[in-house]
Structure formats: structure tokens, C-alpha cells
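Encoded as C-alpha cells, the structure appears first; notes follow it.
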Amino acid sequence: MIPRQKAEWIIYALIIALSVIALTLAFFSSSFAFDNRVVYQGF
Amino acid sequence: MSPAFSSIKDAGAFALLLLIILLLPILVPKSELPPREQIYATLSWNVGPYPFIHQQIYDEKSDIDIAIIGSSRIWCAINTPYLQEQLSEKLGRKAVVISLCWPWTGFDAVYFIAQDLLQHRRVHTLVFTDESGLYGVQTTPHDEAWRWFRFEDDADALEGLPLQAQLTYYYGSILGLPRNLLSLIRPNLPPDLSPERTRALEADHHWVMPTQNLGAAVMLEGYFNRPDLFEKFTGKLPASPSDVISYTPQTAADFHFEMQPAPSSLQTHFVKKFGALAQANHTALVCLNVPHLDDRESKKIPERFFWPEVMESPVTLLGIVPSVLFKGMSEEDVEKLYWDRHHFNQNGQDYFTHLITPKLIEIYDTPPKS
């Protein structure tokens, strides 16, 4: 059985790590167009 | 300040949700994905002419004589019905000619969409133009790649790309997959092509609906995106079809190749794959130079790369020297052929298509040997 404090630490570390990964991927992908309204202006 | 999570279980559930979202492209097995057709079915006219592309790839079955493929520059450059009419006359039967085009540049889009097309229809000749980027060589995926790239289907195509580029496609897949998976739960509605909707699209984009022109975009805009300035050009146009040049050792001096490609660049990677795909399907390739307004005084046909070498495939290069194309025309008259610096409007499209059509038909008759 993992002690509660250690489990908390692991989960929060996991959340932080996953968030960092998500943000890094989002940074790499900032060139994607998401707004349909601007599509034809750039053509 | 209250804590972010009321219990350790809540925090655990949130971590699990994040993990599932990030691993979604790997967790969903290929066998459980909706058919690729549904990728196109999820894309509306607001994103691009994907309903037309969908119809051409999945509903139409006939062999295609010439498919114009690529982004808006070639989309606006070719009057497809005229090309079809001329080719039909030459062949003595109704030729099948389409423009399979979309907004935004990138050879990745050309490769993936050509792959879907060639899996469903036999194509004799594919005509494309330089898609490596409008402002320098593009290092990022196509702007809409997240809508049509599926990691489960397409991961193999990324092999050899820098890690950063691979990660971007992976992230795109995370973004696009939920919308794609929705197709398993309920069907995508067919595109609305009612007269009201068609009129609205034509008014929004200042074009004649591509469905009426075999996929081509006929832009009714004056220079600088000014629909109010558009008028039919009635002046004298200087060039004739005999001015159109295809690349041979004898005509090499009429071409100027600006750069040596970076071997591992994203554009090089996909244009090479596009070449191999065409070869595997016995499809001839023609790279058509579509002149930018800023090239108008160039005394050579400017190409960024020497495509046959970059693609490692037989490609016919076709173009017209810009200074010949616009010889003697005032700057004001040249601008009447464009709706922005990179795209022909209807005037430019008609002029350019009439010039290149005879040579294109000649090339169709005698494709290069592989």
C-alpha cells in the first residue's frame, strides 16, 4: 500500500508532467489554423 | 485559496483524463477508427472545398485524365472546364479533368490527399505547383493537417522527419481524433448545397462556386482582395501558347532554380513521398510554374528547387517566362489579372489557362518515361 502522502505527490507530479507535455505539444503546433473565419483571408 | 482538487481521487481522475487525451492517437486501434472517408465528411465548405474533394475521391469512380492538385495558387490558376474541353476535343471523348485543391500551402497535404485519391481512382497525370511555402520554405505542417492527419493511419509517413515535426503531427492527431471518432456515434450530414447556401458561399468568397467549375476557384476580385475593383480585362495580352516552355537540356537556361533543398526538411520529405506515390501508381507528374505578381519582370522561370532532383522522380517542369507573360503591360494592367500578389483572379486564370493548355495536352500525350 502506497502511503497517502506519497500517492498525492505522485499524482501531482504526474499532472504537472502531463501538463508540461501538453503545453509543449501545443507550442510546437501553434501554426495550426482553428478559426474557420480566417481560412479564406489567408487562402 | 481552496485546493484545486477536493480529494486525491479527483486529482487522480484528472491525471488519468490528461493521460488518456495525450495517448488517444495510440490508444484507439486502427480497426476501431471510422473509415478515412469520414475525415472529409467532417470538413465543411467553411474549411475549404472538402465536400467536393470528398465527392471526387469517394463517390466518383471514373479514371481521371488530368487532376490539378494543390493549394490556392494552382486552384486559382487553371480554368479546369476549358482544359477539359480542349482535352476532350483532342481525345475525341469526354476527358475527365478536375481541380482537387484547398486553402493553405504544404506538400504534406498534397501527399496525403493524393494518396487518398490514388487509392480510389486511377489518375493519368497530376499537375501541381511549388507548395513548399509562400514566404520561404515552410517548416510547419499544413495549417489544416490536424483535421486530416490520423496518427494511426499515417505515422509511417513521418519516418525520417525531425522529432519536432513528428510531435506536431502527433499533437494534430490528438486535436482531430475526437471529431473523427464522433462519426462512429452519428453520421455526418451531407454538405448543404442549397441555392441559398451556394449564394452565401459565393458572396462570402467572391468566387464562382468550385462545384460549377470542376473544382476550380474562379475569383471575382480585383487586386488587394477588392471585389469592387474587379472588372473583365479587355486589353491586349502579349503572350501566346508558343511561349510556354517545358524543361529540357535545351531550355534549361530559361529556368532559374533558387535553392538547394535541405535534405531533412518537412517539404522535401513530403514532396519526395509524393513523387514515389505517383510513380507507384504510374501517374505522370507535371510541375506547373504559377507566376507571382512580384516575378513579373523576371527573365527566367523562377523555381525554388529543381523538382526532378528533389523528388527523385520524373517530373515535367512547365512554365512561361514572366517577362514574356507580361511583356509591354503596364503595372496597372498586370494587377488586373491578380486578386493578391500570389493568386490570379478570373482574368489571370483565363489568360494563363489558354496559354498553357496546348502544352499540357502535349505532355499528357507523351508523359516522361519512369
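The values are calculated or read from the model by the stated rules, or taken from the named source; none is laboratory data. Since the structure is predicted, the reported quantities are computational estimates derived from the model, not experimental observations. Cβ placement follows ideal geometry from the backbone for every residue including glycine, while neighbour counts extend to all protein chains displayed. Each accessible area value is taken on the protein alone, full model and side chains, heavy atoms only, with ligands, DNA and RNA left out. Shrake-Rupley method; radii C 1.70, N 1.55, O 1.52, S 1.80 Å.
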Next on the checklist: It is to be established whether one or more residues within the range B:325-339 are in contact with a Ser or Thr (Cβ under 6 Å, 6 or more places away or on another chain) and open to solvent by less than 60 Å² (accessible area, probe 1.4 Å).
Outcome noted: no
Item to check | Test for B:Ile66: is it among the aliphatic types (A, V, I, L, M), touching a strand residue (DSSP E or B) at 6+ places or on another chain (Cβ under 7 Å) and farther than 30 Å from B:Phe151 by Cβ | outcome: yes
Checklist entry - When residues of the range A:25-40 are filtered for being facing chain B (nearest Cβ under 7 Å), farther than 18 Å from B:His342 by Cβ and either at pLDDT below 75 or part of a loop (DSSP other than H, G, I, E, B) (or both), how many remain? => result 4
Checklist entry - How many residues does the range B:205-220 hold that are assigned to a loop (DSSP other than H, G, I, E, B), open to solvent by 10 Å² or more (accessible area, probe 1.4 Å) and in contact with a strand residue (DSSP E or B) (Cβ under 6 Å, 6 or more places away or on another chain)? => result 1
Item to check | Unique match (being surrounded by fewer than 20 Cβ atoms within 10 Å (Cβ to Cβ) and farther than 13 Å from B:Asp130 by Cβ) among B:Phe233, B:Phe306, B:Phe257 | outcome: B:Phe233
Next on the checklist: If B:Gln138 satisfies all but one of (1) within 14 Å of chain A (Cβ to nearest Cβ); (2) assigned to a helix (DSSP H, G or I), what's the number of the condition it fails?
Outcome noted: (2)
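Here is a yes/no grid of residues against (1) within 14 Å of chain A (Cβ to nearest Cβ); (2) assigned to a loop (DSSP other than H, G, I, E, B):
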{"position": "B:Asp108", "(1), (2)": "yes, no"}
{"position": "B:Gln119", "(1), (2)": "no, no"}
{"position": "B:Val127", "(1), (2)": "no, no"}
{"position": "B:Leu134", "(1), (2)": "yes, yes"}
{"position": "B:Asp143", "(1), (2)": "yes, yes"}
{"position": "B:Leu167", "(1), (2)": "yes, no"}
{"position": "B:Tyr171", "(1), (2)": "yes, no"}
Checklist entry - Are any residues in the range B:340-370 surrounded by fewer than 18 Cβ atoms within 10 Å (Cβ to Cβ) and of a type in the set (Val, Ile, Thr), and if so, which ones? => result B:Thr366
